[in-house]
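First up is the structure itself, then whatever we jot down about it.
The values are calculated or read from the model by the stated rules, or taken from the named source; none is laboratory data. All values derive from a computational prediction rather than experimental measurement. Glycine gets a Cβ as well: all are built from the backbone with ideal geometry, and neighbour counts include every protein chain shown. To get the accessible areas, we keep the full protein, side chains included, count just its heavy atoms, and leave off ligands, DNA and RNA. Shrake-Rupley method; radii C 1.70, N 1.55, O 1.52, S 1.80 Å.
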Amino acid sequence: KLRCGMVQGAEVVVETGSTFVFDSRASPGDATRVQLPSAVLDALEPGHVVLVDDGLLRFQVRNVSKIGEGEKSAECWIQHGGILRSRKGVHVPGVALTVSALTPKDKNDLDVLVQGGVDWIAMSFVQTAADVEGVRALLPDTVGVISKIETRQALSNLDEIIQASDGVMVARGDLGVECAPEKVPFLQKDIISRSIFRGKPVIVATQMLESMVRLPVPTRAECTDVVNAVLDGCDAVMLSAESAAGSFPHEAISMQAALLREAACQLPEAPNGVDRTVAQAAVLVAGDALPLACFQFEVAQSLSRLRPSTEIIFVTDSSGARKATLLRGVTPLDVGGSSMAGLWDSPKLCVVVHQDQLLVQP
(Lines give C-alpha, C1' and ligand atoms only; values in the text may rest on other atoms or scores of the structure.)
Protein backbone atom coordinates (compact mmCIF):
# COMPACT_ATOMS: atom_id res chain seq x y z
CA LYS A 1 0.00 0.00 0.00
CA LEU A 2 1.32 3.45 -0.90
CA ARG A 3 1.55 5.70 2.15
CA CYS A 4 2.91 9.08 3.14
CA GLY A 5 5.84 9.29 5.54
CA MET A 6 5.95 10.01 9.25
CA VAL A 7 4.90 13.37 10.66
CA GLN A 8 6.13 15.07 13.82
CA GLY A 9 4.08 14.10 16.85
CA ALA A 10 2.18 11.49 14.78
CA GLU A 11 -0.26 14.11 13.41
CA VAL A 12 -0.37 17.74 12.29
CA VAL A 13 -3.06 20.12 11.01
CA VAL A 14 -2.82 21.23 7.38
CA GLU A 15 -4.87 24.31 6.50
CA THR A 16 -7.19 24.57 3.50
CA GLY A 17 -5.85 27.09 0.97
CA SER A 18 -2.24 26.78 2.15
CA THR A 19 0.76 25.56 0.19
CA PHE A 20 2.03 22.06 0.90
CA VAL A 21 4.99 20.09 -0.45
CA PHE A 22 5.36 16.37 -1.10
CA ASP A 23 8.97 15.29 -1.44
CA SER A 24 11.27 12.27 -1.22
CA ARG A 25 13.11 13.30 1.97
CA ALA A 26 12.78 10.72 4.74
CA SER A 27 12.75 13.23 7.63
CA PRO A 28 9.46 13.56 9.59
CA GLY A 29 6.93 15.89 8.01
CA ASP A 30 5.08 18.88 9.45
CA ALA A 31 2.26 21.23 8.48
CA THR A 32 4.14 22.25 5.31
CA ARG A 33 5.60 19.00 3.90
CA VAL A 34 5.73 15.20 4.09
CA GLN A 35 7.50 12.36 2.29
CA LEU A 36 5.83 10.46 -0.55
CA PRO A 37 7.02 7.21 -2.22
CA SER A 38 9.09 7.79 -5.34
CA ALA A 39 6.56 5.78 -7.37
CA VAL A 40 3.98 8.49 -6.65
CA LEU A 41 6.29 11.48 -7.04
CA ASP A 42 7.59 10.22 -10.39
CA ALA A 43 4.03 10.10 -11.77
CA LEU A 44 2.88 13.52 -10.56
CA GLU A 45 2.27 16.38 -12.98
CA PRO A 46 0.74 19.85 -12.54
CA GLY A 47 -3.04 19.52 -12.26
CA HIS A 48 -3.00 16.06 -10.70
CA VAL A 49 -4.96 15.55 -7.48
CA VAL A 50 -3.36 13.72 -4.52
CA LEU A 51 -5.74 12.19 -1.98
CA VAL A 52 -4.57 11.17 1.49
CA ASP A 53 -6.33 9.17 4.23
CA ASP A 54 -9.17 7.76 2.10
CA GLY A 55 -9.69 11.16 0.47
CA LEU A 56 -10.17 13.14 3.68
CA LEU A 57 -7.27 15.38 2.60
CA ARG A 58 -7.10 16.67 -0.96
CA PHE A 59 -4.13 18.36 -2.62
CA GLN A 60 -3.79 19.75 -6.17
CA VAL A 61 -0.32 19.69 -7.72
CA ARG A 62 0.92 23.08 -8.95
CA ASN A 63 4.54 22.37 -9.77
CA VAL A 64 6.97 19.44 -9.81
CA SER A 65 10.73 19.99 -9.56
CA LYS A 66 14.01 18.24 -8.73
CA ILE A 67 15.56 19.04 -5.35
CA GLY A 68 18.72 16.97 -5.64
CA GLU A 69 20.25 13.86 -7.13
CA GLY A 70 17.37 11.49 -7.76
CA GLU A 71 15.00 13.49 -5.53
CA LYS A 72 11.80 15.35 -6.44
CA SER A 73 9.25 17.59 -4.82
CA ALA A 74 5.69 18.52 -5.74
CA GLU A 75 4.29 21.86 -4.63
CA CYS A 76 0.55 21.64 -4.00
CA TRP A 77 -2.44 23.72 -3.03
CA ILE A 78 -4.47 22.26 -0.18
CA GLN A 79 -8.05 21.98 -1.46
CA HIS A 80 -9.38 20.19 1.65
CA GLY A 81 -7.31 20.39 4.81
CA GLY A 82 -7.57 18.65 8.15
CA ILE A 83 -5.47 16.34 10.31
CA LEU A 84 -2.54 14.68 8.52
CA ARG A 85 -1.41 11.53 10.35
CA SER A 86 1.68 9.40 9.86
CA ARG A 87 1.65 6.59 7.31
CA LYS A 88 -1.77 7.28 5.80
CA GLY A 89 -2.72 5.89 2.39
CA VAL A 90 -2.11 7.95 -0.75
CA HIS A 91 -3.99 7.88 -4.06
CA VAL A 92 -3.66 9.75 -7.34
CA PRO A 93 -7.01 9.10 -9.10
CA GLY A 94 -6.83 8.34 -12.80
CA VAL A 95 -3.04 8.03 -12.86
CA ALA A 96 -1.42 4.65 -13.52
CA LEU A 97 1.53 4.20 -11.17
CA THR A 98 4.46 2.08 -12.31
CA VAL A 99 4.85 0.19 -9.05
CA SER A 100 5.06 -3.52 -8.43
CA ALA A 101 2.41 -5.12 -6.24
CA LEU A 102 5.23 -7.08 -4.58
CA THR A 103 8.19 -5.17 -3.12
CA PRO A 104 11.40 -6.65 -1.66
CA LYS A 105 10.03 -5.92 1.82
CA ASP A 106 6.82 -7.78 0.92
CA LYS A 107 8.85 -10.86 -0.01
CA ASN A 108 10.65 -10.80 3.33
CA ASP A 109 7.33 -10.35 5.13
CA LEU A 110 5.86 -13.32 3.27
CA ASP A 111 8.70 -15.56 4.50
CA VAL A 112 8.01 -14.55 8.10
CA LEU A 113 4.25 -15.05 7.74
CA VAL A 114 4.60 -18.49 6.15
CA GLN A 115 6.95 -19.57 8.93
CA GLY A 116 4.32 -18.36 11.40
CA GLY A 117 1.70 -20.66 9.86
CA VAL A 118 -0.76 -18.17 8.35
CA ASP A 119 -3.73 -19.52 6.39
CA TRP A 120 -4.51 -16.51 4.17
CA ILE A 121 -2.49 -13.65 2.67
CA ALA A 122 -4.37 -10.48 1.65
CA MET A 123 -2.62 -8.69 -1.19
CA SER A 124 -2.88 -4.92 -1.67
CA PHE A 125 -2.53 -2.95 -4.90
CA VAL A 126 -3.50 -5.86 -7.15
CA GLN A 127 -3.88 -4.63 -10.72
CA THR A 128 -3.64 -7.81 -12.83
CA ALA A 129 -3.85 -11.58 -12.47
CA ALA A 130 -0.06 -11.66 -12.93
CA ASP A 131 0.30 -9.83 -9.60
CA VAL A 132 -1.59 -12.66 -7.90
CA GLU A 133 0.47 -15.33 -9.64
CA GLY A 134 3.66 -13.59 -8.50
CA VAL A 135 2.63 -13.90 -4.85
CA ARG A 136 1.30 -17.44 -5.24
CA ALA A 137 4.68 -18.59 -6.57
CA LEU A 138 6.22 -17.65 -3.21
CA LEU A 139 3.65 -19.46 -1.06
CA PRO A 140 2.95 -23.10 -0.19
CA ASP A 141 -0.28 -24.61 -1.46
CA THR A 142 -1.81 -24.44 2.01
CA VAL A 143 -1.88 -20.62 2.04
CA GLY A 144 -4.69 -18.87 0.19
CA VAL A 145 -4.30 -15.53 -1.63
CA ILE A 146 -6.98 -12.87 -1.16
CA SER A 147 -6.90 -10.04 -3.70
CA LYS A 148 -7.94 -6.62 -2.45
CA ILE A 149 -9.94 -4.86 -5.16
CA GLU A 150 -9.10 -1.20 -4.63
CA THR A 151 -7.91 0.29 -7.93
CA ARG A 152 -9.42 1.14 -11.30
CA GLN A 153 -6.90 -1.14 -12.95
CA ALA A 154 -8.16 -4.05 -10.83
CA LEU A 155 -11.74 -3.33 -11.91
CA SER A 156 -10.63 -3.44 -15.55
CA ASN A 157 -9.16 -6.92 -14.98
CA LEU A 158 -11.68 -8.11 -12.40
CA ASP A 159 -12.69 -11.49 -13.85
CA GLU A 160 -9.09 -12.56 -14.42
CA ILE A 161 -8.07 -11.46 -10.91
CA ILE A 162 -10.96 -13.34 -9.28
CA GLN A 163 -10.14 -16.47 -11.25
CA ALA A 164 -6.47 -16.31 -10.22
CA SER A 165 -7.26 -15.68 -6.54
CA ASP A 166 -8.44 -17.92 -3.71
CA GLY A 167 -10.60 -15.11 -2.34
CA VAL A 168 -11.46 -11.46 -2.92
CA MET A 169 -11.80 -8.40 -0.68
CA VAL A 170 -13.95 -5.38 -1.56
CA ALA A 171 -11.67 -2.69 -0.12
CA ARG A 172 -14.25 0.06 -0.10
CA GLY A 173 -12.16 2.82 1.44
CA ASP A 174 -9.52 2.81 -1.26
CA LEU A 175 -12.06 1.92 -3.95
CA GLY A 176 -14.16 4.94 -2.97
CA VAL A 177 -11.12 7.15 -3.48
CA GLU A 178 -10.22 5.69 -6.86
CA CYS A 179 -13.83 5.79 -8.07
CA ALA A 180 -16.79 8.08 -7.43
CA PRO A 181 -18.40 7.30 -4.04
CA GLU A 182 -21.83 6.89 -5.61
CA LYS A 183 -20.50 4.00 -7.71
CA VAL A 184 -19.06 2.00 -4.78
CA PRO A 185 -22.36 0.32 -3.69
CA PHE A 186 -22.87 -1.04 -7.20
CA LEU A 187 -19.23 -2.06 -7.55
CA GLN A 188 -19.57 -3.96 -4.26
CA LYS A 189 -22.60 -5.88 -5.52
CA ASP A 190 -20.88 -6.63 -8.84
CA ILE A 191 -17.67 -7.91 -7.21
CA ILE A 192 -19.65 -10.10 -4.81
CA SER A 193 -21.80 -11.64 -7.55
CA ARG A 194 -18.79 -12.33 -9.80
CA SER A 195 -16.92 -13.95 -6.90
CA ILE A 196 -19.88 -16.16 -6.01
CA PHE A 197 -20.21 -17.19 -9.66
CA ARG A 198 -16.60 -18.42 -9.60
CA GLY A 199 -16.93 -20.06 -6.19
CA LYS A 200 -14.49 -17.69 -4.47
CA PRO A 201 -15.10 -16.36 -0.93
CA VAL A 202 -15.52 -12.59 -0.80
CA ILE A 203 -14.94 -10.17 2.08
CA VAL A 204 -16.49 -6.71 2.40
CA ALA A 205 -14.25 -4.32 4.33
CA THR A 206 -13.70 -0.73 5.44
CA GLN A 207 -15.86 1.83 7.23
CA MET A 208 -18.57 -0.66 8.15
CA LEU A 209 -18.97 0.78 11.66
CA GLU A 210 -16.74 3.83 11.19
CA SER A 211 -18.46 5.98 13.80
CA MET A 212 -17.49 3.41 16.46
CA VAL A 213 -13.88 4.52 16.13
CA ARG A 214 -14.92 7.30 18.53
CA LEU A 215 -18.45 6.40 19.70
CA PRO A 216 -19.75 3.34 21.63
CA VAL A 217 -22.72 2.77 19.28
CA PRO A 218 -23.00 2.78 15.47
CA THR A 219 -25.31 4.82 13.30
CA ARG A 220 -28.39 3.04 12.01
CA ALA A 221 -27.13 3.57 8.46
CA GLU A 222 -23.97 1.63 9.34
CA CYS A 223 -26.06 -1.22 10.75
CA THR A 224 -28.00 -1.31 7.50
CA ASP A 225 -24.76 -1.34 5.51
CA VAL A 226 -23.42 -4.40 7.36
CA VAL A 227 -26.65 -6.35 6.90
CA ASN A 228 -26.93 -5.38 3.22
CA ALA A 229 -23.42 -6.75 2.62
CA VAL A 230 -24.63 -10.10 3.99
CA LEU A 231 -27.79 -9.98 1.89
CA ASP A 232 -25.63 -9.20 -1.16
CA GLY A 233 -23.98 -12.60 -0.59
CA CYS A 234 -20.57 -11.89 0.95
CA ASP A 235 -18.81 -14.58 2.99
CA ALA A 236 -17.30 -12.27 5.61
CA VAL A 237 -17.23 -8.64 6.73
CA MET A 238 -14.17 -7.01 8.24
CA LEU A 239 -13.56 -4.17 10.66
CA SER A 240 -10.55 -1.90 10.17
CA ALA A 241 -9.92 1.21 12.24
CA GLU A 242 -12.83 0.29 14.50
CA SER A 243 -10.86 -2.56 16.07
CA ALA A 244 -7.30 -1.54 15.14
CA ALA A 245 -7.24 2.03 16.43
CA GLY A 246 -10.70 2.84 17.77
CA SER A 247 -11.78 3.70 21.31
CA PHE A 248 -14.39 0.93 21.47
CA PRO A 249 -12.94 -2.19 19.80
CA HIS A 250 -14.84 -4.72 21.94
CA GLU A 251 -18.15 -2.94 21.42
CA ALA A 252 -17.53 -2.70 17.67
CA ILE A 253 -16.79 -6.42 17.34
CA SER A 254 -19.79 -7.34 19.49
CA MET A 255 -22.08 -5.13 17.41
CA GLN A 256 -20.73 -6.56 14.16
CA ALA A 257 -21.36 -10.10 15.42
CA ALA A 258 -24.90 -9.23 16.56
CA LEU A 259 -25.72 -7.74 13.16
CA LEU A 260 -24.41 -10.84 11.39
CA ARG A 261 -26.43 -13.19 13.57
CA GLU A 262 -29.60 -11.23 12.88
CA ALA A 263 -28.83 -11.05 9.14
CA ALA A 264 -28.30 -14.83 9.03
CA CYS A 265 -31.83 -15.33 10.39
CA GLN A 266 -33.28 -13.20 7.61
CA LEU A 267 -31.44 -14.74 4.65
CA PRO A 268 -33.67 -15.89 1.79
CA GLU A 269 -33.65 -19.55 0.83
CA ALA A 270 -31.19 -20.66 -1.81
CA PRO A 271 -32.55 -20.97 -5.35
CA ASN A 272 -33.74 -24.42 -6.41
CA GLY A 273 -32.32 -24.52 -9.92
CA VAL A 274 -31.13 -28.00 -10.93
CA ASP A 275 -27.77 -28.54 -12.62
CA ARG A 276 -26.04 -31.88 -13.00
CA THR A 277 -23.22 -31.43 -10.47
CA VAL A 278 -22.56 -33.29 -7.26
CA ALA A 279 -22.60 -30.15 -5.13
CA GLN A 280 -25.93 -28.95 -6.45
CA ALA A 281 -27.40 -32.42 -6.14
CA ALA A 282 -26.28 -32.53 -2.50
CA VAL A 283 -27.94 -29.20 -1.77
CA LEU A 284 -31.16 -30.38 -3.37
CA VAL A 285 -31.17 -33.67 -1.45
CA ALA A 286 -30.40 -31.94 1.85
CA GLY A 287 -33.09 -29.30 1.38
CA ASP A 288 -33.77 -27.38 4.58
CA ALA A 289 -33.75 -30.42 6.86
CA LEU A 290 -30.37 -32.18 6.55
CA PRO A 291 -26.89 -30.77 7.13
CA LEU A 292 -24.21 -31.23 4.47
CA ALA A 293 -20.81 -32.74 5.27
CA CYS A 294 -17.53 -32.95 3.35
CA PHE A 295 -13.83 -33.65 3.85
CA GLN A 296 -12.08 -31.48 1.22
CA PHE A 297 -11.71 -27.69 1.32
CA GLU A 298 -12.55 -27.45 -2.38
CA VAL A 299 -15.83 -29.31 -1.81
CA ALA A 300 -16.71 -27.03 1.12
CA GLN A 301 -15.99 -24.09 -1.15
CA SER A 302 -18.25 -25.48 -3.89
CA LEU A 303 -21.08 -26.08 -1.44
CA SER A 304 -20.68 -22.62 0.10
CA ARG A 305 -20.87 -21.08 -3.35
CA LEU A 306 -24.45 -22.37 -3.67
CA ARG A 307 -25.49 -20.57 -0.46
CA PRO A 308 -27.64 -23.47 0.85
CA SER A 309 -30.09 -22.81 3.67
CA THR A 310 -28.71 -25.73 5.71
CA GLU A 311 -25.43 -26.12 7.61
CA ILE A 312 -22.23 -27.28 5.87
CA ILE A 313 -19.95 -29.36 8.14
CA PHE A 314 -16.32 -29.45 6.97
CA VAL A 315 -14.38 -32.29 8.67
CA THR A 316 -10.72 -31.31 8.72
CA ASP A 317 -7.59 -30.62 10.81
CA SER A 318 -6.78 -27.40 12.69
CA SER A 319 -5.21 -25.68 9.68
CA GLY A 320 -8.18 -26.47 7.44
CA ALA A 321 -10.58 -25.42 10.20
CA ARG A 322 -8.98 -21.98 10.46
CA LYS A 323 -8.96 -21.49 6.72
CA ALA A 324 -12.58 -22.56 6.31
CA THR A 325 -13.92 -20.02 8.79
CA LEU A 326 -13.89 -17.57 5.88
CA LEU A 327 -16.43 -19.62 3.90
CA ARG A 328 -20.05 -18.64 4.30
CA GLY A 329 -22.30 -21.21 5.97
CA VAL A 330 -19.41 -23.61 6.70
CA THR A 331 -18.84 -25.01 10.21
CA PRO A 332 -15.35 -26.55 10.51
CA LEU A 333 -15.05 -29.71 12.61
CA ASP A 334 -11.44 -30.16 13.74
CA VAL A 335 -10.71 -33.90 14.22
CA GLY A 336 -6.92 -33.68 14.10
CA GLY A 337 -4.52 -34.96 11.49
CA SER A 338 -5.60 -38.62 11.32
CA SER A 339 -7.78 -40.21 8.65
CA MET A 340 -10.64 -37.79 8.96
CA ALA A 341 -13.18 -39.72 6.93
CA GLY A 342 -12.71 -42.79 9.11
CA LEU A 343 -12.62 -40.90 12.41
CA TRP A 344 -15.83 -38.98 12.05
CA ASP A 345 -18.96 -40.65 13.33
CA SER A 346 -21.81 -38.26 12.62
CA PRO A 347 -24.40 -38.15 15.42
CA LYS A 348 -27.18 -37.17 13.06
CA LEU A 349 -28.53 -37.85 9.61
CA CYS A 350 -26.70 -35.81 6.97
CA VAL A 351 -25.78 -35.66 3.30
CA VAL A 352 -22.08 -36.45 2.74
CA VAL A 353 -20.14 -35.30 -0.33
CA HIS A 354 -16.89 -37.26 -0.64
CA GLN A 355 -14.67 -37.93 -3.67
CA ASP A 356 -17.40 -37.02 -6.17
CA GLN A 357 -19.87 -39.31 -4.42
CA LEU A 358 -23.13 -38.37 -2.74
CA LEU A 359 -24.00 -40.38 0.40
CA VAL A 360 -26.64 -40.20 3.10
CA GLN A 361 -25.25 -41.02 6.55
CA PRO A 362 -25.97 -42.89 8.73
Fill in the blank from the handout: When the charge dipole of region 84-237 is computed with +1 on Lys and Arg Cβ and -1 on Asp and Glu Cβ about the Cα centre, the Cα farthest towards its positive end, among L139, M212, P185, belongs to M212
Handout entry: 10 Å Cβ shell holding at most 13 others, DSSP loop, GluC sites (Glu not before Pro): longest site-free stretch of the chain
Key = 70-268
Problem - Dipole magnitude of region 124-280 about its Cα centre (Cβ charges: Lys, Arg +1; Asp, Glu -1), debye to nearest 20 - result: 80
Completion exercise
Here, trypsin sites (Lys or Arg not before Pro) of region 14-121 satisfying both criteria (DSSP loop; at most 13 other Cβ within 10 Å) are R87
Handout entry: Within the chain: Cβ-based charge dipole about Cα centre, in debye rounded to nearest 20 (Lys, Arg +1; Asp, Glu -1)
Key = 320
Exercise for the section: Provide H48, H80 ordered by accessible surface of protein heavy atoms (probe 1.4 Å), highest first. Expected result: H80, H48
Problem - Nearest-10 value in Å² for the accessible area of S156, using the 1.4 Å probe - result: 90
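Over region 173-222, with every protein chain in place, what whole percent of the accessible area is carbon and sulfur at 1.4 Å, could you tell me?
Its accessible area is 65 percent carbon and sulfur atoms.
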Handout entry: Cα gyration tensor shape for region 24-69, rounded if a/c is under 1.5, else prolate or oblate
Key = oblate
Practice task
Considering the convex hull of the alpha carbon atoms of region 101-205, report its projected area averaged over all viewing directions, in nm², one decimal.
Solution key: 6.2
Completion exercise
Square roots of five times the C-alpha gyration tensor eigenvalues of the chain, ordered largest first and given in whole Å, equal 44, 22, 18
Handout entry: Between region 100-126 and region 1-79, the alpha-carbon center distance in angstrom
Key = 27
